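Below is one structure; the comments refer to it alone.
Only the coordinates and a few stated rules stand behind these numbers; no lab work does. Note that the coordinates shown come from a computational prediction; the quantities given were computed from them, not determined experimentally.
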Amino acid sequence: MDQVLFQWGQFLTLLMIAFALSMDAFSLGIGVGMVGIRLREILKVSITIGLFHVAMPVIGIFVGAYLSDLVGDIAVFIGGGVLMAIGMHMLWNGFIHGDQRSVLKTKGFGLLLFAFSVSLDALTVGFSFGLIEVNRVLAIALFGIMGGAMSYFGLLLGKSVGGWLGDYSELVGGLILFCFGLKFIL
């Protein structure tokens with residue numbers, strides 16, 4: 001009986017961690033979705049973010065025993081800096097090239113950079129999971145599913161809100177990304 005309760009307690013704890021880790025994917029998805037993104041791209045971005053939410057903790061678990069204290073703080077700064085740079089780029093294009101859209105490329109390197117920056121916090125959680133006893137397979141599966149699903153819903157919400165904002169949607173999206181990046185750094 002105690003074993004069953006422990007497993008449910010661990011599942012609920014890991015589910016809450018997965019939800020917390022995916023909230024940045026949701027909120028940043030809103031900002032990216034405002035730029036105007038097709039449903040096929042939303043699905044591709046969500047799957048990529050979900051895969052990164054799986055890969056980053058796996059990497060973190062393997063490296064966790066060695067570098068958790070050092071890289072944990074650096075990873076947050078790197079993620080914040082990348083998000084600020086993407087936000088600044090969106091703001092720049094919104095002001096300079098107001099009629100051109102799609103600042104954040106949802107293809108190739110731009111997509112990988114975005115997924116990497118959103119998943120850096122999962123890397124730091126993976127570091128800690130490398131040091132403690134936890135059901136790692138369950139944790140990684142929950143991180144991937146929740147990260148992909150929350151980014152999907154955020155992108156959909158951003159797409160609908162972006163339609164209301166019209167030409168200003170890119171500026172608002174860039175401002176959102178910049179502010180979240182600044183929040184990560186501070």
> So how much slack lies between MET88 and TRP164, counting 0.36 nm per residue of separation and subtracting their Cα-Cα distance, in nm?
Replying inline: 25.2 nm
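Could you give the length gained by full extension between LEU112 and TRP8, i.e. 0.36 nm per residue of separation minus their alpha carbon distance, to one decimal place? Provide the component values of the computation, followed by the final result.
Values: separation 104, 0.36 × 104 = 37.44 nm, distance 3.42 nm.
Separation in residues times 0.36 nm, less the Cα-Cα distance, equals 34.0 nm.
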